[in-house]
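What follows is calculated from the coordinates using simple rules that are stated; it is not laboratory data. All values derive from a computational prediction rather than experimental measurement. Every residue, glycine as well, gets a Cβ built from its backbone with ideal geometry; the counts of neighbours run over all protein chains shown.
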Amino acid sequence: MIRRNNPIFYDTESLKNTEIFLRLDRTAEADVVKGWVPAYYFTICLLDGTEVGTCDFRVGYNENTYYGGNIGYAVKEAYRGSHYAGKACLLLFALARKHDMKELIITCSPDNMASRKTCEYAGGKLKEIARLPEGCEMYLNGDREKCIYVFHV
């Protein structure tokens, strides 16, 4: 476990399965002014070290994590279709349990069918398609709605 000022960041060496592992790139402490919770940032790698994408895990709950999610992911185009984002989410659920988080949120745009399939692959249930608050960063960047998927971990 890595202890900084207040948050606790756990060791992540065990975040692997028979296909991929998550390589920790950095952690970030909470930023109360911006409404950001502590976060881990990873590269998704095949067991031979090939980098296939990225993911992050945001620890805790607030309005930003409700609309932006506790987990984010992106897979390089050449590696899409192998469920690497979904498999990374399943690995991150173990990290969530270390943080005593029993429920997680992953969000995506309603028209992002690949991300919706990833949420379903990882066991998420669509709670709602929510209108974004006008003041939130995603709204200011042009998004208007997000699918809110809930995961019980």
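Details
- Out-of-range pairs (alpha-carbon distance over 27 Å; input 16/98; 87/127; 16/146; 87/146; 76/125): 16/146
- With neighbours defined as other Cβ atoms within 10 Å of a residue's Cβ, the residues 57, 9 order from fewest to most as 9, 57.
- Given 16 as the ceiling on other Cβ atoms within 10 Å, longest exposed-site-free region of the chain for GluC sites (Glu not before Pro) in DSSP loops: 30-133
- Partner aspartates and glutamates whose Cα lies under 17 Å from the Cα of residue 34, excluding those fewer than 8 positions away in the same chain, are identified as 63, 134, 137.
- Label separation (residue 94 vs residue 139): 3.9 nm, computed from points 7 Å beyond Cα along the C-beta direction.
- Which of 55, 45 has the fewest Cβ neighbours within 10 Å, and the rest in rising order: 45, 55
- Take the Cα of residue 103, step 7 Å toward its Cβ, do the same at residue 46, and the gap between the two points is 3.9 nm.
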